[in-house]
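Data block below; observations after.
The values are calculated or read from the model by the stated rules, or taken from the named source; none is laboratory data. The structure presented is a predicted model; accordingly, all values stated were derived computationally and were not measured. Here the Cβ positions follow ideal geometry from the backbone for every residue, glycine too, while neighbour counts run over all protein chains shown.
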Amino acid sequence: MKYEDLYRFPEGHPPSPYDHPVRALNVGEATLPAELELYAVGWIEESGFTTGDVPEEFVEALIAAYPTKIISDGTRGLHTCTLCHVLLPKLEWKGKQVEVKGYGHYLVRYKNAVYMAPALLLHYILDHHYQPPQAFIDAVINGKFLTIDDLEIKRSDE
C-alpha cells in the first residue's frame, strides 16, 4: 500500500489505509470525529522517499507507543518490508529491542489533523533512514497517539 506523504484522505474516510472501517472489538465500526482531517505518512513501497535525521525524542515517542497504540487494520497476516523483504524486523534503540510486526498503524492527532502511519514506520526510519514530514514529527512529539477508545464507534446493532 502506498500513499504520498501528507496525502489528505477524503472527508469521512475511515481511519484505515483501506477503504473499509476499523472494527472495534467486534462491536461495531470505528471512525474519526467529523471535524478531523486524515493524512497519510510513511506509506512507502519503493525507494525515492526523503531520507535524513530525525529528533531522538520523535523516535523515543514512537517506540513508547509501540505496540499499545497500534490500531488493527483488519488485515490477514504479516507484511514484509517491500524495500528489504524482512519479516518482523528487530530494531535496537538505546539498548531497547523492539520487534516490529507488519500489521496495523499509528494514528497521531495534533490539533485538527490525524496522521496515519504504518506499524513498520520505526523500521523505515531506523533501517532505511526515512525522514517523515516535519508536520508529522511535530505531531508525534506534541500530539496524542490515538487508540480505538478515542474513535467514534457505530455499533453493529444500531
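In the range 9-53, the qualifying residues are those that are crowded, with 18+ Cβ neighbours inside 10 Å, among the β-branched types (Val, Ile, Thr) and touching a helix residue (DSSP H, G or I) at 6+ places or on another chain (Cβ under 8 Å), and the one that is nearest to ILE148 (Cα to Cα) is VAL22.
Here PRO33 passes the criteria (1) in a loop (DSSP other than H, G, I, E, B); (2) touching a residue at least 24 places away in the same chain (Cβ under 8 Å); (3) within 17 Å of the chain's Cα centre (by Cα) except the one numbered (3). For the range 104-133, a residue qualifies if it is under 22 Å from GLU45 (Cβ atoms) and either in a helix (DSSP H, G or I) or basic (Lys, Arg) (or both), and the qualifying residues are LEU121, LEU122, HIS123, TYR124, ILE125, LEU126, ASP127, HIS128. The C-beta contact set for the range 1-17 (first residue under 22 Å from HIS79 (Cα atoms), second residue of a type in the set (S, T, N, Q), distance under 8 angstrom, 6+ apart or interchain) comprises ASP5/THR50; PRO14/THR31; PRO15/THR31.
For residues in the range 74-99 being modelled with pLDDT under 90 and of a type in the set (Val, Ile, Thr), which is farthest from THR31 (Cα to Cα)? Residue satisfying both the conditions and the ranking: THR80. Only residues that are modelled with pLDDT under 80, surrounded by fewer than 11 Cβ atoms within 10 Å (Cβ to Cβ) and either touching a helix residue (DSSP H, G or I) at 6+ places or on another chain (Cβ under 7 Å) or not in a strand (DSSP E or B) (or both) were counted in the range 142-158, giving 2.
Residue-wise test of (1) of a type in the set (Phe, Trp, Tyr); (2) assigned to a loop (DSSP other than H, G, I, E, B); (3) modelled with pLDDT of 95 or more; (4) touching a Gly at 6+ places or on another chain (Cβ under 6 Å).
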{"position": "LYS2", "(1), (2), (3), (4)": "no, yes, no, no"}
{"position": "ASP5", "(1), (2), (3), (4)": "no, yes, yes, no"}
{"position": "PRO17", "(1), (2), (3), (4)": "no, yes, no, no"}
{"position": "GLU29", "(1), (2), (3), (4)": "no, no, no, no"}
{"position": "GLU46", "(1), (2), (3), (4)": "no, yes, no, no"}
{"position": "PHE49", "(1), (2), (3), (4)": "yes, yes, yes, no"}
{"position": "ASP53", "(1), (2), (3), (4)": "no, yes, yes, no"}
{"position": "PHE58", "(1), (2), (3), (4)": "yes, no, yes, no"}
